[in-house]
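What follows is a short report on a single structure.
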Amino acid sequence: MHLKTLTVRGFKSFASATTFEFEPGVTAVVGPNGSGKSNVVDALAWVMGEQGAKSLRGGSMEDVIFAGTAERQPLGRASVSLTIDNSDGALPIDYTEVTISRTMFRSGGSEYTINGTKCRLLDIQELLSDSGLGREMHVIVGQGQLDQILHATPEQRRGFIEEAAGVLKHRRRRERSVRKLESMQTNLERLEDLIGEIS
Ligand code: ATP
């Protein structure tokens, strides 16, 4: 499995559609300060499901949409597509090439697709998490993050190991189920109150 192409449009400093092609092996992105190198990495994290504005170095999620320059009007949407070579079947899906896309509208709302078919953010996160890719998999190590890992508390370190071992997905599923159970319990209690009032 390797990343083949990344296309960004209206994402941060990339107003026009821009495609990066990656070959297997090491890719280096070089350029002057402020030219958008980190924005390329942010685009990767975003399309893989990153939900934290801070992790994307912004104040709010909307900050990923091209905000305009002296020469160019702001745009109404940001979109990023990532194509992954899956000829080794590392992603649990029957395609040798997988394209995941994410679009966010300034007016609100987002769209996600896998190979052109609309899906939920959760579907993308789960597809990637089995392969060790994904937003919380520490496949992206930002500037200053190594220091953070070296100074992590034992609990945080355990979190990193759990992610690497693929436990995180199951932990998230468990948390979702517990939340559902709790809301069912509340509904049941309300129902019992109502039955008590009626009888
Ligand atoms: P350095 O080498 O200093 O780390 P860099 O090449 O990694 O820099 P980035 O941090 O990727 O640069 O890009 C910063 C640029 O992106 C800034 O010029 C900033 O104005 C621009 N930028 C960020 N968000 C947006 C946005 N929403 N709309 C337009 N431009 C943006």
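Yes/no matrix, rows are residues, columns are (1) among the small types (Gly, Ala, Ser); (2) over 20 Å from residue 11 (Cα atoms); (3) more than 16 Å from the ligand (Cβ to nearest atom):
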position: 127; (1), (2), (3): no, yes, yes
position: 146; (1), (2), (3): no, yes, no
position: 152; (1), (2), (3): yes, yes, yes
position: 165; (1), (2), (3): yes, yes, yes
position: 168; (1), (2), (3): no, yes, yes
position: 176; (1), (2), (3): no, yes, yes
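The set of residues in the stretch 59-87 being surrounded by fewer than 16 Cβ atoms within 10 Å (Cβ to Cβ), near the ligand (Cβ under 7 Å from one of its atoms) and either part of a strand (DSSP E or B) or under 18 Å from the mean Cα position of the chain (by Cα) (or both) consists of 63 alone. Taking the condition closer than 16 Å to residue 3 by Cβ and either of a type in the set (Gly, Ala, Ser) or under 15 Å from the mean Cα position of the chain (by Cα) (or both), does residue 40 pass? So residue 40 passes the test. Residue 99 meets all of the listed conditions (1) of a type outside the set (Lys, Arg); (2) more than 11 Å from the ligand (Cβ to nearest atom); (3) in a strand (DSSP E or B); (4) touching a helix residue (DSSP H, G or I) at 6+ places or on another chain (Cβ under 7 Å) but one, namely (4). For the stretch 1-58, filtering for residues that are among the small types (Gly, Ala, Ser) and more than 13 Å from the ligand (Cβ to nearest atom) leaves 5.
When we screen 60, 110 for residues that are of a type outside the set (Phe, Trp, Tyr), in contact with a Leu (Cβ under 8 Å, 6 or more places away or on another chain) and farther than 21 Å from residue 3 by Cβ, the only hit is 110.
Applying the set (1) under 18 Å from residue 142 (Cα atoms); (2) modelled with pLDDT of 95 or more; (3) among the aliphatic types (A, V, I, L, M) to residue 84 leaves exactly one unmet item: (1). Scanning the stretch 98-116 for residues that are touching a residue at least 24 places away in the same chain (Cβ under 8 Å) and surrounded by fewer than 13 Cβ atoms within 10 Å (Cβ to Cβ) yields one hit, 107.
The values are calculated or read from the model by the stated rules, or taken from the named source; none is laboratory data. Because the structure is a prediction, the values reported are computed rather than measured. With ideal geometry, Cβ positions are generated from the backbone for all residues, glycine too; neighbour counts draw on all protein chains shown.
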